[in-house]
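To start, the structure under review is shown below, and the notes come after it.
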């Protein structure tokens, strides 16, 4: 019997043959935490009575969720993280450097075959580079700080085979929203979600990062794509002995689901569940107060490029706040040098410092009662971006930008 | 954790109770203290919850309880409030794991949840591995945990286990 990608990775990491359903103790290559979860993990680590993390080069910390700090209480937690990083000799990415899930792949902490844990549910993003990566709570993260290992139940895999070719202005974000709508918010609970087929093969790593990022929104333990030339193009090199991770032809899946996406239209997840997905063309007239282009899902240079092309020579609609939050300093600089930032500013966008922005309702664009946002982020739960009665629609960078120009949620193919 | 408990009040919630509803994001950036977090527990779903809930109560959810963010502050807020167990038709993965790590029992049984009504009391017996609806005098099995997780739960969670035994639950003794 062959193995899935995840079974191969967890076999290597546990030094034993791992099959779906087994419980294994796996070596962890990297572990990360941010300002929303790091302080609790550090406290748990201290409660263990431990002095030193198992390997200070394999622990990465980020101050990105509410950064720069907007309160004295949070500044105290940020200082706790900085103090811990300094004491342990851990690399900490501080205010303005970017979103954790952008920086982990961008700064070279993710390689095919790695096991990466993170105190954030969107850690599943790194499967786009052929790693097994999953979100964990603070206690589990502290256990990795201590020992470099963690127990995992080897997940069954759902394999999505995505056939066809995406149409113009139809993006990887539309693909993943569509799949979440089809599968349901808990349709993949505890499962590994493998994305395969010509649509995925045609995607750049940027697009695959977007797709894998939202595997958790269907309940998935991780998202993953096979390693190919595109993976190594992104990584810039292939290290000696570094393997391609691909599922065997006779691997066992819990299900294999095929779609032809040639006719897929731009999609939108309507309030207040991520699986409440419809084609943009079918939601009627939805007026917006805020358009957000940001977050670990969609704020890379390729996303800013789409936005800049759409707004060139146009203006953001009266009464709409268009917030653009590059995913990292590198993304910001690249976009600046390519002229995208200038174009976006001329159109009337606000550029915020790299970080998580208003995605989880902390700062930089919190919604008032009854306000409506269209956003490239990944969650639209009640109260997610502000007041309990505010509403968030999730969409692609093209749809968000088109909507910023018209003031209503708009199919980008018509702009 | 105790081996056996009888619930006081049950508090019912629907499907897809996200961690944003259990503890809105803004509070996790203020404090790591369980008692302070507890004042805002379930605030997104029921703003008055922290005033209604009492030590020994049990939360009953629908499908996909605890979906969303990995914040361990979500089960921590419930522990801080004295919630003794969460029962649901199904759980999101990270919440489930986090709750066990904090010594908060999480019980998945669709039928048992469907049979419950306001005012019911539950007897939960972790050793025997079942729950009983006292009104119906009907028992339901609790899906058994791997032994090392049951030991961790009995020790009140991951950190407490380590303090007691000087090893992580999945590391071999001695």
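Please compute the volume of the convex hull spanned by the alpha-carbon atoms of the stretch B:99-174 and report it per residue in Å³.
93 Å³
Divide, for the stretch B:50-98, the radius of gyration over alpha carbons by 2.2 N^0.38 Å, where N is the residue count.
Numbers: Rg = 10.6 Å, N = 49, 2.2 N^0.38 = 9.7 Å.
Ratio of Rg to 2.2 N^0.38 Å for the stretch B:50-98: 1.10.
What's the whole-number percent of alpha carbon pairs in the stretch B:9-117 lying beyond 22 angstrom?
In whole percent, the long-distance tail amounts to 18.
Connecting C-alpha atoms closer than 10 Å in a GNM of chain A, tell me which of A:329, A:107, A:165 has the biggest fluctuation.
Result for chain A, Cα springs under 10 Å: A:107 fluctuates most.
Can you give me the convex hull volume of the Cα atoms of chain A, divided per residue and expressed in Å³?
131 Å³
Compute the normalised compactness of the stretch B:56-155: alpha-carbon radius of gyration over 2.2 N^0.38 Å, N being the residue count.
1.02
State, to one decimal in nm, how far the label point of residue A:368 lies from the label point of residue A:73, with both points 7 Å from Cα in the Cβ direction.
Output for this residue pair reads 2.4 nm.
With each run of n ≥ 4 DSSP H residues scored as -39500 (n - 2.57), what mean residue ellipticity at 222 nm is computed for the protein assembly as shown after dividing by its residue count and rounding to the nearest 500 deg cm²/dmol?
Result for the protein assembly as shown, helices only: -8500 deg cm²/dmol.
Just A:22, A:250, A:275 to compare: in a GNM of chain A, with alpha carbon springs under 10 Å, which one fluctuates most?
In this elastic network of chain A, the residue with the biggest mean-square fluctuation among A:22, A:250, A:275 is A:250.
Report the semi-axes of the equivalent ellipsoid for the stretch A:167-319 in whole Å, largest first, where each axis is √(5λ) for an eigenvalue λ of the Cα gyration tensor. Walk me through the numbers before you get to the answer.
Working: eigenvalues 171, 90, 35 Å².
Equivalent ellipsoid of the stretch A:167-319: 29, 21, 13 Å, largest first.
Please work out the C-alpha center-to-center distance from the stretch A:387-415 to the stretch A:94-155 and express it in whole Å.
Answer, in whole Å: 31.
Give the average, rounded to an integer, of partner chain Cβ atoms located within 10 angstrom of each Cβ in A:34-40.
That works out to 4 on average.
Sort out for me the Cα centre separation of the stretch A:199-215 from the stretch B:125-144, rounded to whole Å.
Their Cα centres are 44 Å away from one another.
From largest to smallest, what semi-axes in whole angstrom does the stretch A:120-174 give when each is the square root of 5 times an eigenvalue of its alpha carbon gyration tensor?
32, 14, 9
Stokes-Einstein diffusion coefficient for the stretch A:246-298 at 10 °C in a medium of 1.306 mPa s, Rh from the Kirkwood formula over Cα pairs: what value in µm²/s?
Translational D for this selection: 106 µm²/s.
Please report the relative contact order for chain A, taking Cα pairs under 8 Å with a sequence separation of at least 6, and give it as a percent rounded to a whole number.
On the way: 1047 pairs, mean separation 72.5, N = 415.
After rounding, I find 17 percent.
Hey, any idea what the orientation-averaged projected area of the convex hull of the stretch A:105-203's Cα atoms comes to, in nm²?
Averaged projected area of the stretch A:105-203's Cα convex hull equals 7.5 nm².
How many nm separate the modelled label positions at residue A:238 and residue A:336, each set 7 Å beyond the Cα in the direction of the Cβ?
3.6 nm
Calculate the length of the line joining the C-alpha centroid of the stretch A:232-300 to that of the stretch B:1-43, in whole Å.
The stretch A:232-300 and the stretch B:1-43 have Cα centres separated by 31 Å.
Of the residues A:260, A:66, A:140, which exhibits the maximal mean-square fluctuation in a Gaussian network model of chain A defined by a 10 Å Cα contact cut-off?
A:260
On each of the three principal axes of the Cα atoms of the stretch A:1-109, give max minus min coordinate, whole Å, ordered largest first.
Per principal axis, max minus min of the Cα coordinates gives 56, 32, 22 Å.
Which value in Å is the Kirkwood Rh of the stretch A:269-414 over different Cα pairs? Show your work: numbers first, answer last.
Working: mean 1/r = 0.0682 Å⁻¹.
It is 14.7 Å.
All of the numbers you see were taken from the coordinates with simple rules; none came from a lab. If you're wondering where the values come from, they're calculated on a predicted model, not measured in any experiment. Counting neighbours? That spans all protein chains shown, and the Cβs are built from the backbone with ideal geometry, glycine included.
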